[in-house]
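The values are calculated or read from the model by the stated rules, or taken from the named source; none is laboratory data. The structure presented is a predicted model; accordingly, all values stated were derived computationally and were not measured. No Cβ is skipped: glycine too gets one built from the backbone with ideal geometry, and neighbour counts run over all protein chains shown. For accessibility, only protein heavy atoms count, side chains too; no ligands or nucleic acids. Shrake-Rupley method; radii C 1.70, N 1.55, O 1.52, S 1.80 Å.
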Amino acid sequence: MTEHLVDPGVPRDLHAFVAGLPKAELHVHHVGSASPRIVSELAARHPDSKVPTDPEALVDYFTFTDFAHFIDVYLSVVDLIRTPEDVRLLTYEVARDMARQQVRYAELTITPFSSTRRGIDEGAFMDAIEDARKAAEAEFGTVLRWCFDIPGEAGLESAEETTRLATDDRLRPEGLVSFGLGGPEIGVARPQFKPYFDRAIAAGLHSVPHAGETTGPQTVWDALTDLRAERIGHGTSSARDPELLAHLAERRIPLEVCPTSNIATRAVRSLDEHPVKEFVRAGVLVTINSDDPPMFGTDLNNEYAVAARLLGLDERGLADLAKDAVEASFLDAPGKARITDEIDTYTAAWLAS
Ligand SMILES: [Zn+2]
């Protein structure tokens, strides 16, 4: 899969460096991480679905005309997750793909409402993700944590349900660390979700809403003030507001930047116009992420290569980028130190060879 993703603007040995670099990923969606192999397996299990079973045809199916089209396609894949076994298979296989890219730690955004609404038993759903998490850590060495997100397009009913699933002590999975808000932003104002974020934060969860991906900087301000965001999903339009950039930099609020995703959904016209450079120049803590990698024809390693080109980074710069993601994560201090040490050891050995 990685061969076709090699960015021609990046030296080959930098690609090799990235491929072996230990990494953390903070913005990546559960269903959106389903590779064509996993999707075709799920589509074959559920033949009434309109999703193609042929991996070649899936490539065309995953070519989007705009953000609304992306949401439609995404929801058709969501519709393939119908049983606890589907949930476990997806989660475990996604972790396998991450481990192949040397991802040591990932906060995977899960939308439990999509599954419980389909009639999957909520307890069985939690058991399936936790079972996959423990197996992935034991077998692949990849530590997974969960962010439960509200699917914005499904309205306040979904917000209530997601909050309940995230805060009920009998249901809340051990791996849950944060609470998010995804889906379209246009027509889905952030402030209406304040009561739900208040409850999630009171229950000890971190606030990580999407904001400023397809709407302007005011949405990011809303996420900061009303939803008390600790990190911002995308935050792309922050670049249009110098005061906001200064605020993000001063408060050390990281942006979860997903370059290829922004192009695929037409949130940004081209990679060369991507504002990641402006974020770095303004002193904002940037983390690099893949969002819905197979759907956007990318993976985390490719996003690091893209970042290397856009930001002009060498090996040390890439290692710093990887360490920033570890720092911006909700992993505990010993866990952060372990991955940071691993990044330093790997980089020193690479540069010495
Ligand atoms: Zn996202």
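Below, the figures for the structure above:
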read-out: Average accessible surface area per residue within the chain, 1.4 Å rolling probe, Å²; value: 39 Å²
read-out: Neighbourhood net charge (11 Å Cβ-Cβ; Lys/Arg +1, Asp/Glu -1) for Leu300; value: -3
read-out: Under 5 Å, built H, 5+ apart or other chain: amide partners of His27; value: Ser290, Asp291
read-out: Rounded percent of accessible protein surface that carbon and sulfur make up, the chain, 1.4 Å probe; value: 51 percent
read-out: Rh (Kirkwood; distinct C-alpha pairs) - the chain, Å; value: 20.2 Å
read-out: Ellipticity estimate at 222 nm from DSSP helix runs (n ≥ 4, -39,500 (n - 2.57)) divided over the chain, nearest 500; value: -15500 deg cm²/dmol
read-out: Total charge dipole magnitude, the chain, about the Cα centre, Cβ charges on Lys, Arg, Asp, Glu only, Debye to nearest 20; value: 440 debye
read-out: Filtered GluC sites (Glu not before Pro), region 148-178: DSSP coil and at most 14 other beta carbons within 10 Å; value: Glu174
read-out: Sites matching trypsin sites (Lys or Arg not before Pro) across region 267-316 that sit in DSSP coil, with at most 15 neighbouring C-beta atoms within 10 Å; value: Arg269
